[in-house]
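Scroll down for the structure; my scribbles are underneath it.
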Amino acid sequence: MEEYLFRQGGKSVLRKVAAVVVNKNTRKMLRECLLSLLSQDVEGGIAIWVVDNGSRDGSPEMVLADFPQVNLLWNDENVGYARACNEGIALTEEPFILVMNADTILSQNTASIIVSFFETHPDAAVVGPRLLNTDGTLQFSCREFPSIAQAAGHAFIGLLSEKNPWTRKYKKREWDHLSEREVDWVSGAFMGLRREALEQVGGFDEKYFMYVEDVDLCWMLRQKGWEVWYIPFGDVIHHIGQSSKLATTRMTYHHHRSMFRFYRKTYSGPLKPFMSSLIFLGLVARFCLVSGLNGLNRLKSSFSSERKSGGLEEK
């Protein structure tokens, strides 16, 4: 694996906050994300780094040509989200770091709000602002560490309906998300991190290729006594799943693999060998179910497109 480093920001200036944007084949949205970062109203500005995971859509070339203020780390293959985040963070020096997907757009005051929150909450290691879907509706981006029973209920019943009690509790759907509060974990699609805390746990666990690395990081930090916060300010739009939808089966596999790793890493009960086998079989069953449902949905979509195309030809 080769990587290429392009420092474009000119003379190094130590700011309060840096941004690390992980990208994979989302050039158009990456552009929108970078424009929103460059328009941030934060004292001293932001040191911006894009870590590209082997894009083939011209994303790195676009950064080099159109954003001379932005630094680029260009991997020639997909090294995974956790490793890409760590690579970008290692190139920064600022005390606070914004880690985000390329399919996010920040409000103009997002960075300043997060910096201010860190400065007034010295025990906060992670801050997650309110995330919104493309249509402006709330994205449930802060959640609980689920029990095994709660995880099982959400994992299977949640595929059919999100109104079940396990999913509602796990996603914290019972409150309006209009007040700041300490939570178990926040989505890695966009999170603010305190460098001091991050260094104590060694950054993201790179054995997660995709998914659950955000849950794991928050869990590690909380084990060290740090706090994780959700704040209902500095809204960020997240066009969810823009990279992962390009490789649905592969991403489904990595999601389930990551869930099993998190369980193995965090569960320490006396029945761990038995429970590990049970959890493994349950995840295999869910992977098959999700893959089947995804295949069925793709088949329906293809059939619908063919019918529409046929109807147009007949006319």
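The values are calculated or read from the model by the stated rules, or taken from the named source; none is laboratory data. Only a predicted model underlies this, so the values are computations on that prediction, with no experimental measurement involved. Glycine also receives a Cβ, built like all others from the backbone with ideal geometry; neighbour counts cover every protein chain displayed. Remember, those area values only see protein heavy atoms, side chains included, never the ligands or the DNA or RNA. Shrake-Rupley method; radii C 1.70, N 1.55, O 1.52, S 1.80 Å.
The loop-placed chymotrypsin sites (Phe, Trp or Tyr not before Pro) in region 119-177, going by DSSP, that have at most 10 neighbouring Cβ atoms within 10 Å of their Cβ come out as W175. Of R261, R194, R130, the residue with the greatest mean-square motion in the GNM of the chain, using alpha carbon springs below 10 Å, is R261. For region 1-135, the share of DSSP beta bridges that are antiparallel, to the nearest 5, is 20%.
Summed over the residues of the chain and divided among them, the accessible surface reaches 49 Å² per residue at a probe radius of 1.4 Å.
Of the GluC sites (Glu not before Pro) in region 117-219, the ones in a loop by DSSP (not H, G, I, E or B) with at most 11 other beta carbons within 10 Å are E174.
Stretched out straight at 0.36 nm per residue, the stretch from E77 to E2 would grow longer than its current Cα-Cα span by 26.2 nm.
With the helix formula -39500 (n - 2.57) applied to DSSP H stretches of n ≥ 4, the chain reaches a computed 222 nm mean residue ellipticity of -14000 deg cm²/dmol. Computed over all pairs of different Cα atoms, the Kirkwood value for the hydrodynamic radius of region 68-211 is 17.1 Å. Estimated at the nearest 10 Å², the accessible area of H255 is 60 Å² with a 1.4 Å probe. Restricting attention to the chain, close to 45% of DSSP beta bridges with both partner residues there are antiparallel.
If I compute solvent accessible area with a 1.4 Å probe over the protein chains, what percent of it on the chain is carbon and sulfur?
Working: 8600 of 15570 Å².
Carbon-and-sulfur percentage of accessible area, whole number: 55.
If you run the Gaussian network model on the chain, springs between alpha carbon atoms under 10 Å, then out of T248, T92, T110 the most flexible one is T248. For region 179-242 and region 103-167, what is the separation of their C-alpha centers, rounded to whole Å? Using only Cα atoms, the two centres lie 9 Å from each other. Loop-located trypsin sites (Lys or Arg not before Pro) in region 25-124 (DSSP state other than H, G, I, E, B) with a sparse environment of at most 12 neighbouring Cβ atoms within 10 Å: R56. Using a Gaussian network model of the chain in which every pair of alpha carbons under 10 angstrom is joined by a spring, one finds that among D216, D103, D76 the greatest mean-square fluctuation is at D76.
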